[in-house]
Amino acid sequence: MESAKDTKVIGRIQAAVANPSPLGLFGLAMVTLIASTNKLGITSGTAYIIPWALFLGAAAQLMAGILDYKVKNNFGATAFCGYGFFWLAVSMTWMIGNGMLSINPGVVTDISQLGFAFLGYFIFSIYMTIGAMGTNKALFTIFVLIDVLFLGLFISTLNPQLLFWKYLAGSAELGISFFSFYASAANVLNSHYGLSILPLGKPFGPWVEKSIQKIDLQEEYHLDKAS
């Protein structure tokens with residue numbers, strides 16, 4: 001989740017890797033748009049969500065994450081791959097629920113296990129939200145909404161009668177979609193024209209200034225060493 005173009009030099013080979021964030025964010029925007037309609041009662045069933053979850057939610061984000069690993073963007077790689085694998089798991093869950101993957105009728109199933117999986121992703125999203133403060137405000141907003149989504153999914157899965165949390169999760173997911181479309185568009189257009197056409201907001205938080213100072217000191221050290 002960076003801006004513009006990243007270059008990595010390996011020996012004599014210089015590999016230019018385009019910014020993968022627009023693709024990953026577009027994949028996130030698409031799958032959350034479609035999935036939110038089910039939670040909000042606008043559409044019914046999950047069978048037609050599965051292809052979008054596999055290709056946009058999973059494949060697009062995994063591709064973006066792998067490319068972020070190539071340019072040593074640990075935050076972007078962890079975020080995109082982490083949520084990409086989430087959509088793979090959700091797709092398989094829906095396949096089981098829709099009878100596409102058969103299971104032994106005698107096998108004991110407990111939906112609460114899915115609820116605790118959502119709890120795990122809520123914990124993951126909390127510390128990724130802290131990291132998002134060091135990127136930009138648009139991305140930080142997406143992560144805050146992801147926190148709300150997983151909290152709502154956790155509570156509503158363990159207590160299906162609490163419809164408020166289901167609708168809260170659906171509303172947060174729809175918000176994720178809108179902000180992800182915006183962030184994807186901003187990354188594409190700002191990079192394409194070399195201008196801030198759609199502002200993303202500057203990084204903020206207690207560690208941003210310290211991080212910048214540390215980077216400046218490291219650059220000064222390397223310059224002094226080279227001279």
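Quick note: the coordinates plus some simple rules give every number you see, no bench work behind them. Everything numeric here is computed off the predicted structure, so don't read it as measured data. Methodologically, a virtual Cβ is constructed for each residue, glycine included, from the backbone with ideal geometry; neighbour enumeration extends over all protein chains shown.
The phi torsions of the stretch 66-74, fed into the Karplus equation with coefficients 6.51, -1.76 and 1.60 and a -60° offset, translate into couplings of 5, 5, 5, 4, 5, 9, 6, 8, 4 Hz, rounded to whole numbers, with Gly and Pro shown as x.
At a Förster radius of 35 Å, what calculated FRET efficiency corresponds to the Cβ-Cβ distance of M100 and Y167, to the nearest 0.05?
Details: r = 27 Å, r/R0 = 0.78.
Working from the Cβ atoms, E equals 0.80.
Label-to-label distance, H192 versus A18, with points set 7 angstrom from Cα along the beta-carbon direction: 1.1 nm. Taking every alpha-carbon pair within the stretch 20-226, the share separated by more than 30 Å comes to 27 percent.
Modelled spin labels at F178 and Y127, positioned 7 Å past Cα toward Cβ, are 3.2 nm from each other. Largest first and in whole Å, the equivalent-ellipsoid semi-axes of the stretch 10-138 read 31, 16, 16, each the square root of five times a Cα gyration tensor eigenvalue. Model label points for A185 and I111, set 7 angstrom from Cα along the Cα-to-Cβ axis, are 3.7 nm apart.
Quick one: dipole size for the stretch 20-226, taken about the Cα centre, charges +1 on Lys/Arg Cβ and -1 on Asp/Glu Cβ, in debye to the nearest 20. Show your work: numbers first, answer last.
Details: 9 positive and 9 negative charges, 35 e Å.
Around 160 debye, computed over the stretch 20-226.
Computed from Cα atoms, the angle from the helix 112-132 axis to the main principal axis of the chain rounds to 20 degrees.
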